[in-house]
Amino acid sequence: MTSWKNAIVVSLDDDLTEICDLADSLSYKVVKTFVQHREKPDVNSYIGAGKLEEIKEFIEDDKENIDLLVVDGELKPSQWFILEKKLGVDVFDRIRLILAIFEKRADRKEPRLQVKLAQLQYERPFVRELIHRARSGEHPGFMAGGEYQVDDYYEMIKRQTKKIRDDLKGIRDEREVRRRHRHFSGFYLVSLAGYTNAGKSSLLNFLSGEKVKVEGRLFSTLSTTTRKIKNKSIPILITDTVGFIQNLPALIIDAFHSTLEEISVADVVLLIVDISEEKEIVLNKLRVSFNELVEIGVNASIIIVLNKCDLISQEALNSRVNLIRNQDFVNDKKVVSISVKNKYGVDLLLKLLYDSLPQLVNCKIKLPINKDTQSFLSWIYEKTHVLDVSYDDYITISFDCSTMIRDKILSMCKRFDGFIIY
Ligand SMILES: Nc1nc2c(ncn2[C@@H]2O[C@H](COP(=O)(O)OP(=O)(O)OP(=O)(O)O)[C@@H](O)[C@H]2O)c(=O)[nH]1
Ligand SMILES: [Mg+2]
């Protein structure tokens, strides 16, 4: 059972939805929010002396027992130090909150290493601040446990970083070998990308019959899962990936590089968007997702998949689809509305997906009918998208497939005394 703790949130911005969702994802109940309107953060305390005093009073008066202050922004080490010292509670900025969620969710070796790497990168400037404070006579507590002297701790960060980068490289190389092997066996690679909580894992489960974790919380998926799309058609492997978020910290992008690479090597990227949210939020998340794809270096075709359309009216859906189509960055990309929950629109999505696969060629062959050709025929069914089959003295079969598979089939066809029509 989850044990909940209490947090307060402070922001320079009115929209607190996402930061509160992030706190919720880490099992913190947000008992109070503070908004401090100012152009830019205060150099000393980020929120300014007045707000700091107000929050201090709230924490001291409050019966709720506050465990954490979340700052919706990026704290400099000196600002963080001042806030923790003054308020006497843990203080997390947005990045540290995201890292803590990632740490909690990391359930396999690779994401555990990736999160650790990102945490070490994050901690470095803070540890430097602590060293500086310690040298000037202050005695701060240490960020990551007390058994190290700050100097030693800084050295340890450097050593650990190097070791983790080496380990991750090993895992990445293995993945590269596996990927090449799959491509060589004629599989197309399709990646699911998009904002966290859009429904990527739900779509993977639906298309592959898999049961990866699906949750209404942010960042349920950290590691990639690759599965075969379950239908009698072209062999396609679909990969689920870590979700995007606005201002995804660069150190997370860096640490998760090999995971995000799955997106950049795909033949087609399905960009999943939750269409049920407010118009402005949908557009913003779509823009953020596009920017991430550019950052990752995606050259493949992108299909925009508007999910959760069961949650809005047809009218609202139409107006949002129009709005999205009119965005410059959407250009002439294919857009399709679906509901994984109601299994709506998935056939159309698959059709658009097949149409987007590169180098799909159309072939027609004739095979003699005998028991040897039966197993070959099953193999064709498994590896290609069969369009038509007819029987007379021969079996005539037409199908779409990759050039790699076509070459294999044509040479097998001759061996079985068949004919190639085209
Ligand atoms: N109503 C509705 N809910 C959906 C649909 N698809 C997914 N969901 C819900 O949306 C939430 C998030 O789904 P996930 O599949 O975990 O989303 P994700 O994109 O993998 O999220 P992360 O792994 O956190 O990035 C879950 O509560 C799902 O049940 C849909 O078509 N309709
Ligand atoms: Mg997921």
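Whether a residue is β-branched (Val, Ile, Thr), in a strand (DSSP E or B) and within 16 Å of ligand 1 (Cβ to nearest atom) was assessed, and Val389 does not pass this test. Counting only residues that are surrounded by fewer than 17 Cβ atoms within 10 Å (Cβ to Cβ) and aliphatic (A, V, I, L, M), which one in region 378-403 is modelled with the highest pLDDT? Only one residue fits best here, namely Val389.
A single member of Glu176, Glu262 is assigned by TED's automatic domain parsing to the domain that holds Val305 and of a type outside the set (Val, Ile, Thr), and it is Glu262. Looking at region 1-54, which of its residues are surrounded by 18 or more Cβ atoms within 10 Å (Cβ to Cβ), aliphatic (A, V, I, L, M) and more than 19 Å from Asp67 (Cβ to Cβ)? Selection gives Leu12 alone. Across region 273-284, a minimum of one residue is classified as in contact with a Gly (Cβ under 9 Å, 6 or more places away or on another chain), within 16 Å of ligand 1 (Cβ to nearest atom) and modelled with pLDDT of 90 or more. Being in contact with a Lys or Arg (Cβ under 6 Å, 6 or more places away or on another chain) and modelled with pLDDT of 90 or more holds for only one residue in Asp67, Asp90, and it is Asp67. Scanning region 229-243 for residues that are charged (D, E, K, R) and either within 14 Å of ligand 1 (Cβ to nearest atom) or touching a residue at least 24 places away in the same chain (Cβ under 8 Å) (or both) yields Lys232, Asp240. Evaluating Val288 against the criteria (1) surrounded by 21 or more Cβ atoms within 10 Å (Cβ to Cβ); (2) under 15 Å from the mean Cα position of the chain (by Cα); (3) within 15 Å of ligand 1 (Cβ to nearest atom); (4) aliphatic (A, V, I, L, M) leaves one unmet condition, (1). The condition (being free of Cβ contacts under 8 Å to residues at least 24 places away in the same chain, among the acidic types (Asp, Glu) and surrounded by fewer than 22 Cβ atoms within 10 Å (Cβ to Cβ)) is satisfied by just one residue among Glu84, Glu64: Glu84.
With a requirement of 1 or more residues that are within 16 Å of ligand 2 (Cβ to nearest atom), the strands (runs of 3 or more DSSP E) lying completely within region 281-370 that satisfy it span 301-307. Exactly one residue out of Lys351, Lys364, Lys343 is at positive phi and surrounded by fewer than 16 Cβ atoms within 10 Å (Cβ to Cβ): that is Lys343.
Restricting Thr259, Thr225 to those that are free of Cβ contacts under 8 Å to residues at least 40 places away in the same chain, polar (S, T, N, Q) and more than 8 Å from ligand 1 (Cβ to nearest atom) reduces the list to Thr225. Selection of region 170-214 for residues being within 16 Å of ligand 1 (Cβ to nearest atom) and either without any contact (Cβ under 8 Å) to a residue 12 or more places away in the chain or over 22 Å from Val115 (Cβ atoms) (or both) yields Val190, Gly199, Ser202, Leu203, Asn205, Phe206, Leu207, Ser208, Gly209, Glu210, Lys211.
For beta carbons closer than 6 Å, sequence separation of 6+ or different chains, a first residue in region 338-356 that is without any contact (Cβ under 8 Å) to a residue 24 or more places away in the chain and a second that is among the aliphatic types (A, V, I, L, M) and more than 9 Å from ligand 1 (Cβ to nearest atom), the qualifying pairs are Leu348/Val336.
Quick check on this structure: which one of Gly186, Gly170 is farther than 30 Å from Lys341 by Cα, away from ligand 2 (no atom under 16 Å from the Cβ), in contact with a helix residue (DSSP H, G or I) (Cβ under 6 Å, 6 or more places away or on another chain) and of a type in the set (Gly, Ala, Ser)?
Gly186
Look at (1) within 24 Å of Asn247 (Cα to Cα); (2) in contact (Cβ under 8 Å) with a residue 24 or more places away in the chain; (3) of a type in the set (Gly, Ala, Ser) and you find that Gly48 fails only one, number (2). Figure legend. Inter-residue proximity from region 123-134: first residues surrounded by fewer than 19 Cβ atoms within 10 Å (Cβ to Cβ) and β-branched (Val, Ile, Thr), second residues modelled with pLDDT under 75 and in a helix (DSSP H, G or I), beta-carbon distance below 9 Å, spacing 6+ or different chains. Indicated pairs: Ile131/Val150; Ile131/Asp151.
The values are calculated or read from the model by the stated rules, or taken from the named source; none is laboratory data. Predicted model, so just to flag it, every value in this text is computed and none were measured. Please note: Cβ atoms are built from the backbone with ideal geometry, for glycine as well, and neighbour counts cover all protein chains shown.
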